[in-house]
1. Can you find a residue that is part of a helix (DSSP H, G or I), touching a His at 6+ places or on another chain (Cβ under 8 Å) and touching a residue at least 60 places away in the same chain (Cβ under 8 Å) anywhere in the range 302-322?
2. Which helices (runs of 4 or more DSSP H) sit wholly inside the range 137-233 and have at least 3 residues that are basic (Lys, Arg), without any contact (Cβ under 8 Å) to a residue 60 or more places away in the chain and under 30 Å from Ala286 (Cα atoms)?
3. What about Cys274, is it within 23 Å of the chain's Cα centre (by Cα), at pLDDT 95 or above, within 30 Å of Ala253 (Cα to Cα) and assigned to a helix (DSSP H, G or I)?
4. Quick check on the range 196-241: of everything there that is polar (S, T, N, Q) and out of contact with any helix residue (DSSP H, G or I) (no Cβ under 7 Å at 6 or more places or on another chain), which residue is nearest to Ala173 (Cα to Cα)?
5. Which strands (runs of 3 or more DSSP E) does the range 329-418 wholly contain that include 1 or more residues that are farther than 28 Å from Cys138 by Cα and of a type in the set (Ser, Thr, Tyr)?
6. When you look at Glu285, is it surrounded by fewer than 19 Cβ atoms within 10 Å (Cβ to Cβ) and either part of a helix (DSSP H, G or I) or in contact (Cβ under 8 Å) with a residue 60 or more places away in the chain (or both), yes or no?
7. Tell me the residue from Pro193, Pro171, Pro184 that is touching a helix residue (DSSP H, G or I) at 6+ places or on another chain (Cβ under 6 Å) and surrounded by fewer than 24 Cβ atoms within 10 Å (Cβ to Cβ), please.
8. Taking the stated definitions as given, is Gln369 buried (at least 16 other Cβ atoms within 10 Å of the Cβ), more than 18 Å from Thr162 (Cβ to Cβ) and touching an Asp or Glu at 6+ places or on another chain (Cβ under 7 Å)?
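The values are calculated or read from the model by the stated rules, or taken from the named source; none is laboratory data. Predicted model, so just to flag it, every value in this text is computed and none were measured. No Cβ is skipped: glycine too gets one built from the backbone with ideal geometry, and neighbour counts run over all protein chains shown.
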Amino acid sequence: MKPLTINEWQALDANSRSDWRQRIEAELSDCIEITNTSAFSRRTLERTESESSRNQVLSGLPYAVKDLFNLAGHPTHASSILPILLERSASEDAAIVQRMQQLGGCCVAKTQMNEFAYGLSGENPHYGDCPHPKLPDCLSGGSSSGSAYAVAAGYLPLAFGTDTGGSIRLPSAWCGIYGIRWTPGYYMQGAMPLAQSFDTMGWFTRTADEMATVIAAWFELEASPHTSPISGRAFFPQHLLTPESHKATVQLAEKLELTIEQDMPRLSALLEPCQLAFNVLQSQEAYQFHHEWLEKYGANYDPKVKARILRGQAWTEAEVQTAQDTRLQIRNWFDAYFCEHDYLAMPICPGPTLPVDQASPKLREQTLQLTTAASLAGLPALSVPVWIDSTRSVGIQFIFKDPTPTVPLALLDLCKSI
């Protein structure tokens, strides 16, 4: 069936909405059974449209949430097989689900992910790797892999994920869709943490129009709010990008009439230290959350995830202090930058998706050099796809200062022309 956009959904009457939602739920089940992609949780859910929400923009809209967010009466597995998580159900909905209920949305599924959100690839040894929506042998990006797949493959118009070090931004880039991450703690109540001081929530849509629609609805703005002029700079560090990625990214930036800086020396010098600092601080926080489970259920963890978490107990006091110093330096840099500009545009990833067997630690390190400056500074970012050809894409992240709709809506106005 042809997927509906959010705007097309708004035009449907109540009976047509109900019929379409049932067909989508059937497609989700078929996707799991036929392709065994593990993009979706097998715990398909059904939420009904409330009488009070039927005149709202997102009324009855089916959406999915990453399997980190609680849904009352359902378990939150974080795509793991830990017995303690398989055996218990959430007592109440996560904050984002409560907010979507206020806006009239209907949660129909939970989506798969890298176990405990500790990965950027979409791989999961327990439930299967989430594939790329156009290149089934390639990676979708993670850790919010299933949510990105659900939207990019056309099963749902909206899905929620989390981003700690790039887990919304990278799947957005590789799957060729729009994504947004907000700020640490914002609507994160009722979500299982990975590294709480870095964890952010956000969502995916297929188009700029749909992203603008959801942002406007979330902040209860008029359907097409007026946007103000904004200014910013674009910086594309060529040494971290493949030639085809750099070429496509610069071409899109020129089409959007962005001001491109050939070099930003201080920021450039901080990119690798940011990646190193993030690895230290993220793993330290993850270990603090997981250490008791590791003692009891260590054999049930994905070995790669377990190794990343266990690093958190091994850092020296000097290494932690250096990481904290780097975090302060990048925050200070952004504070000064945002005194003069509204956004900073940067690449999300070195290049397009790769086959699973070509994923490497070096790729992870290079990606984190591009994503962790925003993570360490606790800043929101809008992800915009950049197509290299008909099946492969990368992305630009527009980093901005405050979790308000002004800058992303203005940027999305620009993107509607591409």
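1. There is at least one residue in the range 302-322 that is part of a helix (DSSP H, G or I), touching a His at 6+ places or on another chain (Cβ under 8 Å) and touching a residue at least 60 places away in the same chain (Cβ under 8 Å).
2. Where helices (runs of 4 or more DSSP H) fall fully within the range 137-233, none carries at least 3 residues being basic (Lys, Arg), without any contact (Cβ under 8 Å) to a residue 60 or more places away in the chain and under 30 Å from Ala286 (Cα atoms).
3. Taking the combined requirement at face value, the residue satisfies it.
4. Filtering first and then ranking leaves Thr207.
5. Per the criteria, 343-347.
6. For Glu285, the condition - surrounded by fewer than 19 Cβ atoms within 10 Å (Cβ to Cβ) and either part of a helix (DSSP H, G or I) or in contact (Cβ under 8 Å) with a residue 60 or more places away in the chain (or both) - is not met.
7. Pro193
8. yes
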